[in-house]
Amino acid sequence: MSDRHLIVLNVNGESHEALVEPRKTLLDVLRHDLGLTGTHVGCEHGVCGACTVLVDGEPVRACLMFAVQAETAEIRTVESLGQDGELSDLQRSFSEHHGLQCGFCTPGFLMLAEGFLAQRPDACREEIREAVSANLCRCTGYQTIVDAIEATATRRCHAAKKEATA
Amino acid sequence: MTPRFDGRNGRWVGASVPRREDPRLLTGRGRFVDDIQLPGMLHAAFVRSTVAHGTITGIDLSATLAVDGVVAAYTASDLDLGDIVALLDRPPEEFSPTAMPILAREKVRFTGEPVALVVARDPYSAEDGVEAAVVDYEPLRAIVSEESAFAEDAPVVHDEAPGNVLVDVSMFDTPGVDAAFEAARAGGGRVVEVVTKSGRQNALPLETRGVVASWDDRDDQLLVQMCTQVPHQVRTAMARSLRVPERTVRVTVPDMGGGFGQKCVVGREEIAVAAAVRRLNRPVKWIEDRREALTAGFLAREQRYRTLAAFDEDGRITALDVDVVCDMGAYSCYPFTAGIEPLMASAEMPSVYQVPEYRVRARAIASNKAPTAPYRGVSRPQYVMAIERVMERAARELGLDPVEIRRRNVITQFPYTGVNAITYDPGTYRESLELAEAAIRDEGWYEIRDRAAADGRHIGIGYCCFSERTGYGSGAFAKRKMAVVPGFDISEIRMDTTGSVVVTSGTMNHGQSHETTLAQIVADRLGLHLDQVKLRQGDTERIAYGWGTFASRSVTIGGSAVSLAAGKLGELLCRIAAHLLETSPDNVRLDGDGGVVQIDDPERRASFEEIADVAYLRSHLLPKDVEPTLTATASFDVPGDGTFSNATHAVVVEADPGTGQIRILRYACVEDCGVVIHPQVVDGQCRGGIAQGIAGALFEEITYAGNGEPSAASFIDYLVPTATEIPDITVTHLETPCSLTENGAKGAGEGGTIGAPAAVLNAINDALRRTGVELDTTPVHPQTVLAALDAEIHQEVSVPS
Ligand code: FES
Ligand code: FES
């Protein structure tokens, strides 16, 4: 219990100090020590994906990682999406397609999609569906989540092509 | 036939406007219970029973109290709380009242039942404290099935419920039932018998239950922030259990990550936490973990129907004789009681069909399993599955097409008063059936199916036609003889000096988009921009009483209440405006654009700001008989038997002969929920509901070992479908405006879940038609499908020999 470590976490481009027991998960530190409550807890055993964050660009289950393991990494949470109070294209797309109902799973899906699209910008619908199947949503039936991510991918691809030809 | 509804020009209702709740939920700024942190907050965890049925012989919490960080630990005798008791006004032979203690006393009745409460400085220490607790039990034989509950020498779960029967009701028994069966047997008709069973499921909101409770000296009040669909019922039950005046309890609900019925009953953990707060005088938080949610949360669905049906030679149903047994688990839920499932099933079993003679016996039994709550659809996914299987079986035996037999039996004249003494308001039962079939036919699925069969593949088409009573009024609940009768809803509307309004509702959003849809209704009624309407819910201080959100009641009842309140405020605005414009009140009307206009001189107008300015800041200008306020309150209760939404689902599946897996190739839903307030939201409710219905049909089940140990304690064992198991679903809207509600809307929350199990099961049976096997139990396990397909292979082999 007295065995605590002072760690420094780089989250959303800011560094934060936290005094944590080695057994404390990254999820709990993000939520309770840093107050970043956008990342949610759905199962604490790595299945639901509600806790998905990006660690060095990779979607990771924050409930399966100890905070002390994340010290040298760059962590991104849902709070990093969007800028100056404006929603990001992905967030807007979720709203347009009704990709969220209760919204509890949403931060996890957003971070999953953000990480996935960065690696696979030209993914087709079936590949997106496959990627989305990593997380659980109890409200939507998934179709509109896939729609939202697919539309974002398409829009980003068009924008990238335009930029390339310009 | 009503065409696809695309919204109305110049009105908010009917338009898929951006959801008001989205921005905060998309940015991580939603506030769910576990996001709340209070200064000095402690954390609770529960010591839970490790046996399913037994006597507690000793509880030793000394090691718990020695754990670093543990602040307190309590047993039932430490807290001295009143039990939760849900009652029906029915005679003892029909209903056995039982009590649910907050913490188990003397006896435990299911694995996971809370026995003691540990409070610590952080959640990790609270868990350590739970680990250190020592509880001794003298185990009793566990009741884990209908057979074990009814066995001669069965132990009883509750002394008050002999034979483990909580509810036993026989109803209707119309005079011609037996004669109809005899006629069917004697003549060219048919008597079919189907036994359908559905597994025990978890409604599984992704956000588990949780509470943050604290005491406020200044308000002389316990502030209970928790996720519940029914804040007022929690307040009532909690105040009774704590034995305090109800005004000293305030329940508020932050954002809620789903509920689906699991959170529409009163739980015990939150009350135990509240009691700890009173003793410790510090805020306490409890967040249910997934293991608790799966094993000790409210479960649902485990039901068995034996349905006998008589048909004449033309395939018309002539009588129905049904025996229903619902395994309610260890306790009766508040406020609905263990009668919720069997009583709904027995009242509504004839479904969308014209059934002339009807008899039913419905029982709720107690078992040593986690208790149940009404889960999305309540008993309808089960009784619809029963009657839809009956239709398919009869079609097969009479050599009729499954759609044709439904066509011959479905109700087509409305209002229709059934053999069950319920009057059904107008709907599109037959139209939805025709449209769904046409979709499947036009897309060529019948040819695809038949060609596949020629290639040795197993594709099947299944339908489910059903209606769903939405927005039960107090009349419907009173018919059930509940001691606590839900029904009405109250709304208060208040306009400020800028002409914006805040509307309260006793309903409780947890994903259904009330902040958007109820605001659309109000904006239209008053002629306001949507941004000028703010809905507030989930605070027992803001509204005298409310019944929350369940049974697809929010838009029908809550939506009607907000509409009426807005209407009343509109009248008040008109009265003040007429006075200011120096004309008579019947010479003005709302202008649909934030003001009141003089009818005979449209140049003369008073904006809401101008009226509000007078109402609050220059009240000397008000008419003599008008008080200086711009508020209005209204309540609404659905009259009579309420209103029925309806739908037909059509599904195409393929059974994989290698794995026994069922793949859904096509899913079409044609539904009618009256006037559609927000088409995208209704689509979302349909699809999400269907996904949960598919989950019940193919995947999810909590089984129990003979000793009452639950099989699924994590998502490893409880198979929740993901995006690769749930297909894309088309939703087509029919629109029969409801004359019983203010906005013509009917409920849309549960239909998807109701129709899917039967439709999927029928499709599977169609896919297996060459095997001679018919399945009537959900979930359908791949092994069962494989066994059926194997049987066919053996048949084929045995034919030539
Ligand atoms: S909370 Fe981490 S995967 Fe569920
Ligand atoms: S929107 Fe509720 S769990 Fe996904």
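The values are calculated or read from the model by the stated rules, or taken from the named source; none is laboratory data. None of these values were measured; they are calculated from a predicted model. Note that each Cβ is placed from the backbone with ideal geometry, even for glycine, and that neighbours are counted across all protein chains shown. Ligands, DNA and RNA are stripped out before the accessible areas are found, and what is left, the full protein with its side chains, is counted by its heavy atoms. Shrake-Rupley method; radii C 1.70, N 1.55, O 1.52, S 1.80 Å.
Taking the Cβ-Cβ separation of residue B:138 and residue B:541 as r and a Förster radius of 60 Å, what is the calculated FRET efficiency to the nearest 0.05?
Plugging the Cβ-Cβ distance into 1/(1 + (r/R0)^6) gives 0.85.
When we measure straight from the Cα of residue B:481, which lysines land under 29 angstrom away, once same-chain ones fewer than 8 places off are left out?
Partners found: B:197, B:263, B:369, B:746.
Just report the Cα centroid separation between region B:340-403 and region B:505-567, whole Å.
Rounded to whole Å, the Cα centres lie 32 Å apart.
Determine the residues within region B:22-38 where the difference in accessible area between the chain on its own and the full set of protein chains amounts to at least 40 Å²; count protein heavy atoms only and use a 1.4 Å probe.
Correct list: B:22, B:25, B:26, B:27, B:28, B:32, B:34, B:35, B:37.
B plus A alone minus the pair: what accessible area, both sides summed, probe 1.4 Å, in Å² to 100?
By this definition, chains B and A bury close to 4200 Å².
For region B:34-91, just say rounded, prolate or oblate: build the C-alpha gyration tensor, square-root its eigenvalues into a ≥ b ≥ c, call rounded for a/c under 1.5, and beyond that prolate if a/b exceeds b/c, oblate if not.
Since a/c reaches 1.5 but b/c is at least a/b, the shape of region B:34-91 is classed as oblate.
Restricting to DSSP H runs of at least four residues, report the calculated mean residue ellipticity at 222 nm for chain A, -39500 (n - 2.57) per run over all residues, nearest 500 deg cm²/dmol.
-10000 deg cm²/dmol
So how far apart, in nm, are the two label points at residue B:703 and residue B:656 if each is 7 Å from Cα heading toward Cβ?
About 2.1 nm separates the two model spin labels.
Of all accessible surface on chain B at a 1.4 Å probe, what whole percent is carbon and sulfur?
49 percent
Between residue B:354 and residue B:601, what length in nm is gained on full extension when 0.36 nm per residue of separation is reduced by their alpha carbon distance?
Once the chain is fully extended between residue B:354 and residue B:601, it gains 83.4 nm.
Any idea what the alpha-carbon Rg over 2.2 N^0.38 Å comes to for region B:723-762?
It is 1.55.
In deg cm²/dmol, rounded to 500, what helix-only [θ] at 222 nm does chain B give when every DSSP H run of at least 4 residues adds -39500 (n - 2.57) and the total is split over its residues?
Value at 222 nm, helices only: -8500 deg cm²/dmol.
Excluding residues on the same chain fewer than 8 positions from residue A:24, give the lysines whose Cα lies under 19 Å from its Cα.
Partners within reach: B:285.
Residues of region A:129-147 that become at least 10 Å² less accessible with every protein chain present than in their own chain isolated, using 1.4 Å: which are they?
A:129, A:130, A:133, A:136, A:138, A:139, A:140, A:141, A:142, A:143, A:144
Calculated FRET efficiency, residue A:125 and residue B:441, Cβ-Cβ r, R0 25 Å, to nearest 0.05?
Calculated value: 0.40.
At 37 °C and 0.692 mPa s, grab the translational diffusion coefficient of chain A from Stokes-Einstein with a Kirkwood Rh over Cα pairs, rounded to a whole number in µm² per second.
200 µm²/s
Consider a paramagnetic label point 7 Å from the Cα of residue B:63 along Cα→Cβ; state which residues of region B:105-124 have an amide N under 20 Å from it.
Once the point is set 7 Å along Cα→Cβ of residue B:63, B:112-121, B:124 turn out to lie under 20 Å by backbone N, inside region B:105-124.
Could you give the angle, 0 to 90 degrees to the nearest 10, between helix A:143-165's Cα long axis and the longest principal axis of the Cα atoms of chain A?
The angle comes out near 70 degrees.
Using a/c under 1.5 as the rounded threshold, could you call the protein assembly as shown rounded, prolate or oblate? The axes a ≥ b ≥ c are square roots of the C-alpha gyration tensor eigenvalues, and prolate needs a/b larger than b/c, oblate otherwise.
rounded
Starting from the Cα of residue A:8, step 7 Å along the direction of its Cβ; do the same at residue B:790; then give the gap between the two resulting points in nm.
So the label points at residue A:8 and residue B:790 sit 6.3 nm apart.
Give the accessible surface of chain B per residue, rounded to a whole number of Å², with probe radius 1.4 Å and ligands, DNA and RNA excluded.
Normalised by residue count, the accessible surface of chain B is 34 Å².
What is the extension gain from residue A:58 to residue A:154, computed as 0.36 nm multiplied by their sequence separation minus the C-alpha to C-alpha distance, in nm to one decimal?
32.4 nm
For region A:68-116, what does the accessible surface come to per residue with a 1.4 Å probe? Please give it in Å².
Accessible surface, normalised per residue, equals 36 Å².
Near residue B:624, which lysines are there with a Cα under 29 Å away, not counting those fewer than 8 places off in the same chain?
By straight Cα distance, residue B:624 reaches B:568.
Evaluate E = 1/(1 + (r/R0)^6) for residue B:769 and residue A:45, where r is the Cβ-Cβ distance and R0 equals 30 Å; express this FRET efficiency to the nearest 0.05.
Approximately 0.15, to the nearest 0.05.
Where does the Debye-calculated log10 I(q)/I(0) of region B:430-568 sit at q = 0.15 Å⁻¹, using only Cα point scatterers of equal weight, no solvent?
For region B:430-568 at q = 0.15 Å⁻¹, log10 I(q)/I(0) is -0.78.
Among B:35-42, B:592-599, B:643-650, B:680-687, how do they line up from the highest to the lowest mean number of other beta-carbon atoms within 10 Å?
Order by mean packing, descending: B:643-650, B:680-687, B:592-599, B:35-42.
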